[in-house]
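The values are calculated or read from the model by the stated rules, or taken from the named source; none is laboratory data. Please read these numbers as outputs of a predicted model, since none were measured by experiment. No Cβ is skipped: glycine too gets one built from the backbone with ideal geometry, and neighbour counts run over all protein chains shown. Note: areas computed on protein heavy atoms with side chains; ligands, DNA, RNA excluded. Shrake-Rupley method; radii C 1.70, N 1.55, O 1.52, S 1.80 Å.
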Amino acid sequence: MTGFRPPLALRASTPAAWAEAATADPAALLSDHAHCEKKAALNALNLSQSFADTPRASILLARLAEEELNHYRRVLEALHGFGWALQPDLGNPYAQALHKLASKGLLDRLLIAALIEARSCERLWLLEQAGPAQAELGSAGWLTFLLELERCEAGHAVAYRSLAEERFGAQAEARLEWWLDRESEVIQALPWRSAVH
């Protein structure tokens, strides 16, 4: 993917053709993303409880949650603006598959969050590239929002990785190497759908 640098060294790149499948049902795509933003906010808040002894980290996670909640509201507003209703949450097979592999408690929770944010960043970039060809999602305002989301996801991925490294040291880097392989296997095994993951 020329022009894109992922915040983590993901081991499987999503083909550009994925964006066509993802935008086949834009109402479903936006609904799924709204649910993902809400879950990301809740995840950051839950993780902040594990850093009660580290004020800087707990404040960082609170700010991250606030940002995710802001995105949740704005995706809901976008759905309303397009005249679409929020569809039911069908779950996230990607995140579910990663969490099923977790066995290292807080370390894995932080690294999974970093990987999800990094993959989201990559796929939002692809949606941004494909956007101009899309009837509904090709507006300048929407593409600007996608760029903002992409940059935020990159920052979140780096933040979660940094928190893991600060708390767990070299163990975090070794575990991330393991997770990069697992994430690659999971993402390549999943069918494409009108969702970011």
Exercise. Can you find even one residue in the range 110-131 that is of a type in the set (Phe, Trp, Tyr), surrounded by fewer than 16 Cβ atoms within 10 Å (Cβ to Cβ) and touching a residue at least 40 places away in the same chain (Cβ under 8 Å)?
Worked result: no
For this session: Look at Leu137 and say whether it is outside any helix (DSSP H, G or I), buried (at least 17 other Cβ atoms within 10 Å of the Cβ) and either modelled with pLDDT under 95 or out of contact with any Phe, Trp or Tyr (no Cβ under 6 Å at 6 or more places or on another chain) (or both).
Result: yes
Exercise. Within the range 45-60, restricting attention to residues that are in contact (Cβ under 8 Å) with a residue 60 or more places away in the chain and under 18 Å from the mean Cα position of the chain (by Cα), which residue is most open to solvent (accessible area, probe 1.4 Å)?
Worked result: Leu60
Problem set entry | Residue list for the range 69-89, filter: among the charged types (D, E, K, R) and outside any helix (DSSP H, G or I) | Asp89
For this session: Hey, can you tell me all the residues within the range 2-19 that are within 24 Å of Glu185 (Cβ to Cβ) and open to solvent by 80 Å² or more (accessible area, probe 1.4 Å)?
Result: Arg5, Arg11, Ser13
For this session: List the number of the failed condition for Trp142; all other conditions in (1) touching a residue at least 40 places away in the same chain (Cβ under 8 Å); (2) farther than 22 Å from Leu107 by Cα; (3) part of a helix (DSSP H, G or I); (4) open to solvent by 70 Å² or more (accessible area, probe 1.4 Å) hold.
Result: (4)
Seminar exercise, completed: Checked against (1) open to solvent by 20 Å² or more (accessible area, probe 1.4 Å); (2) outside any helix (DSSP H, G or I), Glu66 satisfies every condition except (2)
Exercise. Do we find that Pro26 is of a type outside the set (A, V, I, L, M, F, W, C), more than 16 Å from the chain's Cα centre (by Cα) and open to solvent by less than 20 Å² (accessible area, probe 1.4 Å) in this structure?
Worked result: yes
For this session: Among what's in the range 69-94 and is closer than 15 Å to Leu137 by Cβ and among the charged types (D, E, K, R), pick the residue that is most open to solvent (accessible area, probe 1.4 Å).
Result: Glu77
